[in-house]
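Participant: What follows is a structure written as structure tokens; I'll ask about it next.
The values are calculated or read from the model by the stated rules, or taken from the named source; none is laboratory data. Since the model is a prediction, treat every value here as computed from it, not as a measurement. Glycine gets a Cβ as well: all are built from the backbone with ideal geometry, and neighbour counts include every protein chain shown. Heavy atoms of the whole protein, side chains included, go into the accessibility calculation; ligands, DNA and RNA do not. Shrake-Rupley method; radii C 1.70, N 1.55, O 1.52, S 1.80 Å.
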Amino acid sequence: MAVAILYAEYGPFTWMPGIRWWGLAGATAVTFGYPFHWFRRYERLPGFWLVFTGLMAVHLLGYAVVLLSVESWPLILFALITPAEWIIIYPILGRFVQE
């Protein structure tokens, strides 16, 4: 929280990541925070963590490629893409964590 206030008041600094990267951090927390909550009863299964980590890696790699190749990225796009990612994440996790 302090970093966000500092950034809003004095930023952007050259040593701080741009707003699109802060947006990615927030979007990743939401995109994977809810599925983690939905599937928390499977957190002791190694397969859960394997699939969860793989999905997060694909998510981050995909966004990194896109964010590095575009000049600007409206933050609203994160909010629009997150539900679409849930539609993909939920059945994949559901399939791989069946006991």
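Participant: State yes or no: is Leu75 open to solvent by 60 Å² or more (accessible area, probe 1.4 Å) and either out of contact with any Ser or Thr (no Cβ under 8 Å at 6 or more places or on another chain) or on the phi < 0 side of the Ramachandran plot (or both)?
Facilitator: Numbers: open to solvent by 60 Å² or more (accessible area, probe 1.4 Å): yes; either out of contact with any Ser or Thr (no Cβ under 8 Å at 6 or more places or on another chain) or on the phi < 0 side of the Ramachandran plot (or both): yes.
Here the answer is yes, as Leu75 does meet what is asked.
Participant: Just to verify a result, which residue in the stretch 34-46, among those that are under 15 Å from Pro91 (Cβ atoms) and among the hydrophobic types (A, V, I, L, M, F, W, C), is least open to solvent (accessible area, probe 1.4 Å)?
Facilitator: First pass over the stretch 34-46, keeping only residues under 15 Å from Pro91 (Cβ atoms): 34-35, 38-39, 42.
So of that shortlist, the ones also among the hydrophobic types (A, V, I, L, M, F, W, C) come out as 38-39.
On the way: Trp38: 92, Phe39: 11 Å².
By that ranking, first place goes to Phe39.
Participant: As an exercise: evaluate Met16 against (1) modelled with pLDDT under 95; (2) open to solvent by less than 60 Å² (accessible area, probe 1.4 Å); (3) part of a helix (DSSP H, G or I) and give the number of the one condition it does not meet.
Facilitator: The single condition Met16 does not satisfy is (3).
Participant: Can I ask one more? State the number of residues belonging to the stretch 19-33 that are among the aromatic types (Phe, Trp, Tyr) and open to solvent by 70 Å² or more (accessible area, probe 1.4 Å). Outline the logic, then answer.
Facilitator: The first filter runs over the stretch 19-33 and keeps only residues among the aromatic types (Phe, Trp, Tyr), leaving 21-22, 32.
Restricting the remaining residues to those that are open to solvent by 70 Å² or more (accessible area, probe 1.4 Å) gives 21-22.
Here the count works out to 2.
Participant: Moving to a separate point now. Under 9 Å between Cβ atoms, at least 6 apart or on separate chains: pull out the pairs that start in the stretch 50-62 with a residue that is basic (Lys, Arg) and end on any residue that is assigned to a helix (DSSP H, G or I).
Facilitator: none
Participant: From the set of residues in the stretch 47-63 that are open to solvent by 30 Å² or more (accessible area, probe 1.4 Å) and farther than 12 Å from Leu93 by Cα, which is nearest to the chain's Cα centre (by Cα)?
Facilitator: Among those residues, the one meeting the criterion is Leu60.
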